[in-house]
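See below for the structure under consideration.
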Amino acid sequence: MNTQTPVASTTTNNKRISQWLIEQKSLIALLLLIVVVSLINPNFFSVDNLLNILRQTSVNAIIAVGMTLVILTAGIDLSVGSVLALCGALAASLIGMEVPILVAIPTALLAGATLGAISGIIIAKGKVQAFIATLVTMTLLRGVTMVYTDGRPVSTGFTDVADQFAWFGTGSALGIPIPVWLMVIVFAAIWYLLNHTRFGRYIYAIGGNESAARLSGINVDRVKIGVYALCGTLAALAAIIVTSRLSSAQPTAGMGYELDAIAAVVLGGTSLAGGRGRITGTLIGALIIGFLNNALNLLDVSSYYQMIVKASVILLAVMIDNKQK
Amino acid sequence: MKQAILELTDIVKTFPGVKALDGASLNVYAGKVMALMGENGAGKSTLMKVLSGVYQADSGSIRFKDQPVQFSNPRQSQLAGISIIHQELNLIEHLTIAENIFLGREPTTRMGRIDWQTMFSQADKLLAKLKVKHSAKTLLSELSLGEQQMVEIAKALSMDAQVIIMDEPTDALTDNETESLFNIIRELSAQGCGIVYISHRLKEIFTICDDITVLRDGKFIAQAAIADIDEDKMIELMVGRQLDEQYPYQNSCREQTCLSVKGLSGHGIDNISFDLKQGEILGFSGLMGAGRTELMKLIFGALNKHQGQVHLNGVELKINNCRDALDQGIVYISEDRKGDGLLLSQSVKHNMSVCSLPLLSKFGHINQQLEQQQVAQFIELFNIKTPHQNQTIGLLSGGNQQKVAIAKALMLTPKVVILDEPTRGVDVGARKEIYQLINQFKQQGLAIIMVSSDMPELLGLSDRIMVMHQGQISAEFSRQQATQEKLLAAAVGKTQCEEC
């Protein structure tokens, strides 16, 4: 900043404002969406409905945060849905065995981290493309889940522990559902990670130019494995919310979640080529998808058409984004 | 005066916020080679893009063969007979030479099937004309860079180009390849082609060009016959001020050995040893592929060595990766800014601090105030022209990018600095500044290794020069002994001359 003259800084300020507006277009689109839908349907803008939307969004949003980190390194993680299913089944069976939640939940999260790290190791050390590696783990872990659960839902049972566990999905604090709190905490933590820590800087560097990152002394393999492990951990956290809410784990849980998460990341303006993007964008992207789903429900649009509308919105957003570049 | 085949007059082109061209003009004559000169950012590339139809001029006229023309895309200009050979070649590696030459214009049979026979035979004819010793069926990836350039020229010829524009054609070529390129250029101009030659290398301009046109800040400055102009005058026209001595050499007087490399081998490098003193600039010369970059990357830990040791101030270093080298005071500034030097899509600040983050952070948390201060300090010290620290580095000129790359390394307060082609793609004015920076480091007692293919630069700055050939040191010269001829002789592997 200190290289600027005062005159130059006023003009750049104007420029910065317009730049900011352009950058915040997804936010503006979100606000517009809210205004339009609340005009059409007054029920939309009730506190209950808004909290409901946020709660519904939380699972996709938390997964999308992990996906953002992975995509920033120019990778992709298709296995999040399967990680969710396996970790959910693990959590449910631990709770079913009345393992205290303070043990069961960290165990499930650790399992998510480990499964993510395995994908990371295959990618970083095995030099397998992220798409292929996580396609493999996606299929593999879904199979493991099916074997583990025998293809049947795993109930958390009707014990005190199960009741405690249910709080994560159904409880609330200060009038706000717990999943929403978890989403907020995850976003704040990852925002800090990306903007104020070395690890965050390294994630951007690797996505920007991997060989330059290596020559800059960054341990690329370690950062990558860490990122996939984080992504797995967040998928496990999403698993806990889903399992807790249903009081059981479905072996088919999380199918297609990877695509919703990728959609949120892309809607948020993060480049699939890596190195560019913001976590706040992902939050907005996830909210757009959540609000859109809800609005289409309120407007009585059939779920078949909903898919078509969703696809069109994403395509439109991405094309506008490309045009600006 | 002879009649120009192509005339660009008073071209103006404005981008949001920048006037890239402001009355630029250029005449190209049939059978002549016209040098287009100017610093980076002078508007050479923009002018060429206007000519080829990538951009549309705001005002001004283009006349080609006495007809006013306007191209709305590069294909139109190619069909009209104007071909550009870009610095970065537009070729596809997994296709054959012939497929590359006729890409998008494949000769077809009446059934719409590609007529391979015609295609290969036509391509072979073109290659023979250019004296390329490969069959048209050879895959492009098997060719050297110089040969790939010949394929680009063949492509231009296949379209009956009457004007061929070459943008920094020799940047990646060895001296031999450059020589054969020059022969081709002479032949083409003898056949009546008009050639525009863009290069930063003044020597080449004097060797190959007939006339020069100078642009500065998007404006036409001068056109002159090469015979009427000398190097100093040309630089003066380009920078608009006089540059004093181009290579400011300073004597070094320290004697303490700083870096010592013993029997280093691996990745084509065969048992190399040398010592480097504090405050010394050791130049490395050699042809492309001689292993200079590989040697530097072995020292820096970017490649794994098979054998050998690196000592710093008498202590053997354990270097397994780049981080180890950086931590122990050895920094490497890559030859390839785009490929592995910089994070082009990210900010000046993030680029400059990326190596130093361990020093700027505690428990992983970055002290951003400290970071900003340090970056500001280096921006000032290195005179880096950027509107602010958060500017995307890809938008800066080559010279400023290079300065950021050097600042990034120097932020670590290293003991040994390895500069690989420090002025590639850097304009004359910024070059001078980089030389002065290098000399400053020298005065501070840093040990400096400079790999360069630019002979005058190497001869002008180095205290000692080593020449590499096929992964080995083929000769070593002191500053006094070294001449361009000797370096070249050693680089091509001739047995060492008697006096050294």
### Query
Within the range B:395-407, can one find any residue that is surrounded by fewer than 18 Cβ atoms within 10 Å (Cβ to Cβ), hydrophobic (A, V, I, L, M, F, W, C) and within 22 Å of the chain's Cα centre (by Cα)?
yes
### Task
State whether one or more residues within the range A:188-199 are of a type in the set (Gly, Ala, Ser) and open to solvent by less than 50 Å² (accessible area, probe 1.4 Å).
no
### Task
Evaluate the range B:132-140: report whether one residue or more is charged (D, E, K, R) and within 17 Å of B:Ile84 (Cα to Cα).
no
#### Entry: Any hit, the range A:45-52, residues being more than 28 Å from A:Gly226 (Cα to Cα) and either at pLDDT below 80 or within 14 Å of another protein chain (Cβ to nearest Cβ) (or both)
yes
### Task
Could you list all residues from the range B:335-351 that are at the interface with chain A (Cβ under 9 Å from one of its Cβ atoms) and aliphatic (A, V, I, L, M)?
B:Leu342, B:Leu343, B:Leu344
### Query
Has the range B:67-76 got any residue that is β-branched (Val, Ile, Thr) and in contact with a Leu (Cβ under 6 Å, 6 or more places away or on another chain)?
no
### Query
Inside the range A:168-223, can you point out the residues that are within 14 Å of chain B (Cβ to nearest Cβ) and assigned to a strand (DSSP E or B)?
A:Thr197
### Task
Would you check if there is a residue in the range B:11-21 being assigned to a loop (DSSP other than H, G, I, E, B) and open to solvent by less than 70 Å² (accessible area, probe 1.4 Å)?
no
### Task
Could you identify the single residue in A:Ala253, A:Ala236 that is assigned to a helix (DSSP H, G or I), away from chain B (no Cβ under 14 Å) and out of contact with any Asp or Glu (no Cβ under 8 Å at 6 or more places or on another chain)?
A:Ala236
### Query
Out of (1) assigned to a loop (DSSP other than H, G, I, E, B); (2) closer than 24 Å to A:Phe44 by Cα; (3) of a type in the set (A, V, I, L, M), the odd one out for A:Ala286 is which?
(1)
### Message
What are the pairs with Cβ atoms under 7 angstrom where one residue, in the range A:84-101, is open to solvent by 10 Å² or more (accessible area, probe 1.4 Å) and the other, located anywhere, is outside any helix (DSSP H, G or I)? Sequence gap at least six, or different chains.
### Response
A:Ser93/A:Val154; A:Gly96/A:Val154; A:Gly96/A:Ser155; A:Gly96/A:Thr156; A:Gly96/A:Gly157; A:Glu98/A:Thr159
### Message
Give me the strands (runs of 3 or more DSSP E) completely within the range B:436-489, filtered to those with at least 2 residues that are more than 14 Å from B:Val417 (Cβ to Cβ) and touching a helix residue (DSSP H, G or I) at 6+ places or on another chain (Cβ under 9 Å), ordered by residue number.
### Response
B:464-469, B:472-478
### Message
Can you list residue pairs whose Cβ atoms sit under 6 Å apart, with the first residue in the range B:471-482 being under 12 Å from B:Gly286 (Cα atoms) and the second being aliphatic (A, V, I, L, M) and in a strand (DSSP E or B)? Count only pairs 6 or more apart in sequence or on different chains.
### Response
B:Gly471/B:Ile269; B:Ile473/B:Ile272; B:Ile473/B:Met466; B:Ser474/B:Val467; B:Ala475/B:Val467; B:Glu476/B:Met466
### Message
On the basis of being more than 13 Å from A:Leu78 (Cα to Cα), at pLDDT 90 or above and crowded, with 21+ Cβ neighbours inside 10 Å, does A:Ile240 make the cut?
### Response
yes
#### Entry: Options B:Ile473, B:Ile465: the member that is within 25 Å of B:Leu173 (Cβ to Cβ), open to solvent by less than 40 Å² (accessible area, probe 1.4 Å) and either touching a Ser or Thr at 6+ places or on another chain (Cβ under 7 Å) or assigned by TED's automatic domain parsing to the domain that holds B:Gly329 (or both)
B:Ile465
### Query
Out of curiosity, is B:Phe300 closer than 29 Å to B:Asp175 by Cα, of a type in the set (Phe, Trp, Tyr) and more than 10 Å from chain A (Cβ to nearest Cβ)?
no
### Message
Just checking, does the range B:276-288 include any residue being more than 15 Å from B:Ile333 (Cα to Cα), modelled with pLDDT of 90 or more and among the aromatic types (Phe, Trp, Tyr)?
### Response
no
### Message
Of all residues being polar (S, T, N, Q) and touching a Leu at 6+ places or on another chain (Cβ under 9 Å) in the range B:32-66, which is surrounded by the most Cβ atoms within 10 Å (Cβ to Cβ)? Just the residue, please.
### Response
B:Thr46
### Query
Of the residues that sit in the range A:270-325 and are more than 14 Å from A:Leu27 (Cβ to Cβ) and touching a Ser or Thr at 6+ places or on another chain (Cβ under 7 Å), which one is surrounded by the fewest Cβ atoms within 10 Å (Cβ to Cβ)?
A:Arg276
### Message
Among the residues in the range B:95-118, are any part of a loop (DSSP other than H, G, I, E, B), of a type in the set (Val, Ile, Thr) and more than 24 Å from the chain's Cα centre (by Cα)?
### Response
yes
### Task
Take the range B:457-500 and flag every residue that is acidic (Asp, Glu) and modelled with pLDDT of 80 or more.
B:Glu457, B:Asp463, B:Glu476
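The values are calculated or read from the model by the stated rules, or taken from the named source; none is laboratory data. Being a predicted model, the structure only gives us computed values, none of them experimental. Every residue, glycine as well, gets a Cβ built from its backbone with ideal geometry; the counts of neighbours run over all protein chains shown. For accessibility, only protein heavy atoms count, side chains too; no ligands or nucleic acids. Shrake-Rupley method; radii C 1.70, N 1.55, O 1.52, S 1.80 Å.
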